[in-house]
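Comments concern the structure below.
Computed from the coordinates by the stated procedures, all read-outs in this text should not be read as laboratory data. Bear in mind that the values here come from a model prediction, so they are computed numbers and not experimental data. Counting neighbours? That spans all protein chains shown, and the Cβs are built from the backbone with ideal geometry, glycine included.
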Amino acid sequence: MLNNTLNKILFKNNVIKKTAVLAVVTSLFLVGCGNDQNFKREVEGNEDYLKSPALKPLIIPEGTTIPAESNEFFVNTTEVHGDLGKKLDIRPPTLPISTIQEAFAIYNNGSVTFNVPLSSNVWEQIPNSLNKRNILIASHDSNTIQTGKSFMVRADEEQAVEASYSIKRQLLGDTETITILITSLTRGTENLISQPVEVQRYIVGLFNDIMNDVAPDSMRIVPAKAQDKNDEEKNKPESKKTATAVSDEDQK
């Protein structure tokens with residue numbers, strides 16, 4: 001079942017691989033924008049709207065004719081629970097970014113699934129990437145990596161979370177499918193494993209960190225602007241042609 005699903009996904013992604021690679025290059029330069037603490041919550045504006053009085057029933061004087069009631073103008077008075085105003089987390093969900101050509105990654109239901117050519121040697125580089133971030137490896141074999149609980153520090157979080165991961169590999173022809181799952185996620189005494197947004201943030205965050213480590217050097221070079229290339233062509237010696245004399249007969 002898993003093989004059939006992955007094969008279908010792989011087939012669909014073959015059409016957009018070249019476009020995706022270009023999009024990844026652009027995305028790499030935008031990743032740093034999400035680390036600014038100021039973007040986590042609304043930092044400007046007042047919160048007077050939170051002090052708005054509750055709606056009261058409309059009192060209609062006797063003998064007054066009113067339009068028929070319509071559901072199109074129904075005002076929902078359900079009580080809102082959770083953070084409001086400047087306490088509300090406004091960060092968008094984190095998305096997986098693949099930095100390997102001929103590869104793709106998807107996030108679904110609390111896991112990142114990544115299919116990549118075996119020749120990229122991604123699996124062999126994952127332990128070094130984890131060690132680089134002080135993530136303890138509890139067990140490791142040819143197809144499974146289990147981590148211990150480790151603190152995951154983010155620039156846009158005031159308090160680090162403690163997380164543990166399960167990373168599995170399945171060989172499919174000349175490719176390998178790597179799946180990253182989170183097995184525990186806490187912030188202090190608060191258990192975050194049932195909060196989908198937090199789970200996605202820390203699973204995809206680890207995946208993107210790994211992708212940054214395994215990215216080939218060609219993905220780290222800023223593409224030259226088209227104008228720069230045109231200037232280079234103009235400056236080539238062979239592109240500079242000498243002017244030729246025109247005789248009076250040629251001008252006639």
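A few remarks follow.
- Mean separation of Cα contacts under 8 Å (6+ apart) over length of segment 98-158, as relative contact order %: 17
- Phi to ³J(HN,Hα) by Karplus 6.51 cos²θ - 1.76 cosθ + 1.60 over segment 104-112, Hz, x for Gly, Pro: 8, 9, 9, 10, 7, 6, x, 8, 9
- Under the criterion of Cα pairs below 8 Å and six or more residues apart, the relative contact order for segment 86-229 equals 26 percent.
- Karplus-derived HN-Hα couplings along segment 188-200 (A = 6.51, B = -1.76, C = 1.60, θ = phi - 60°), whole Hz, x at Gly and Pro: x, 9, 8, 8, 9, 5, 9, 9, x, 5, 5, 4, 4
- The amide H of ILE193, built 1.01 Å from its N in the peptide plane, has LEU185 as neighbours under 5 Å, considering only residues 5 or more places off or on other chains.
- Taking label positions 7 Å along the Cα-Cβ direction at both LEU58 and GLN195, the computed distance is 4.0 nm, reported to one decimal.
- With the simple spin-label model, which puts each label point 7 Å out from Cα in the Cβ direction, the ASN71 to LEU84 separation comes to 2.7 nm.
- In terms of other Cβ atoms within 10 Å, PHE114, PHE74 run from fewest to most in the order PHE74, PHE114.
- Segment 101-143 shape via C-alpha gyration tensor axes, a/c threshold 1.5: oblate
- Loop-located GluC sites (Glu not before Pro) in segment 61-134 (DSSP state not H, G, I, E or B) with no more than 13 neighbouring Cβ atoms inside 10 Å: GLU62, GLU69, GLU79.
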